[in-house]
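Values quoted throughout were computed directly from the atomic coordinates according to the rules given, and no laboratory measurement underlies them. Remember, it's a predicted structure, so these values are computed and weren't measured experimentally. Note that we place each Cβ from the backbone using ideal geometry, even for glycine, and neighbour counts take in every protein chain shown.
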Amino acid sequence: MIEMALVFAAACYGIALVLDLWRIVLGPHAADRILALDTMVINVIALLVLYGIWRGTAIYFEAAMLIAMVGFVSTVAYCRFLLRGDIIE
């Protein structure tokens, strides 16, 4: 039963990734693209956690934490670049 739930959840997050990619390509504004990229990072984190549950190992949870940190920093950097034109003052 847990395998079916994992497959269903992975399929839902996969569809969400495709929709995020669609928003990145066709987003009318840069802010929409930033939000879609951040949502894509969250979906990748969820897929990694689901895969870690399916495999029964903790290494994917650590990878998810690393991707979360990199995703946060990249979102902040991209927003600062959009607002100020540079990242480092």
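See the values below:
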| item | result |
| --- | --- |
| Failed condition for Ala58, given (1) farther than 30 Å from Met1 by Cβ; (2) surrounded by fewer than 12 Cβ atoms within 10 Å (Cβ to Cβ); (3) not hydroxyl-bearing (Ser, Thr, Tyr) | (1) |
| Residue within the range 54-63 that is of a type in the set (A, V, I, L, M, F, W, C), closer than 30 Å to Ile88 by Cβ, assigned to a helix (DSSP H, G or I) and touching an Asp or Glu at 6+ places or on another chain (Cβ under 8 Å) present | no |
| In the range 1-54, the residues that are of a type in the set (Ser, Thr, Tyr) and farther than 18 Å from Met69 by Cα | Tyr13, Tyr51 |
| For Asp38: the one exception among (1) farther than 30 Å from Ile2 by Cβ; (2) surrounded by 14 or more Cβ atoms within 10 Å (Cβ to Cβ); (3) among the acidic types (Asp, Glu) | (1) |
| Residues satisfying the stated conditions in the range 68-78, i.e. surrounded by 15 or more Cβ atoms within 10 Å (Cβ to Cβ) and either hydrophobic (A, V, I, L, M, F, W, C) or free of Cβ contacts under 8 Å to residues at least 12 places away in the same chain (or both) | Ala68 |
| Filtered residue count, the range 39-78, keeping only those that are of a type in the set (Val, Ile, Thr) and farther than 18 Å from Val18 by Cβ | 9 |
| Residue match in the range 40-57 (condition: touching a residue at least 40 places away in the same chain (Cβ under 8 Å) and touching a Ser or Thr at 6+ places or on another chain (Cβ under 8 Å)) | no |
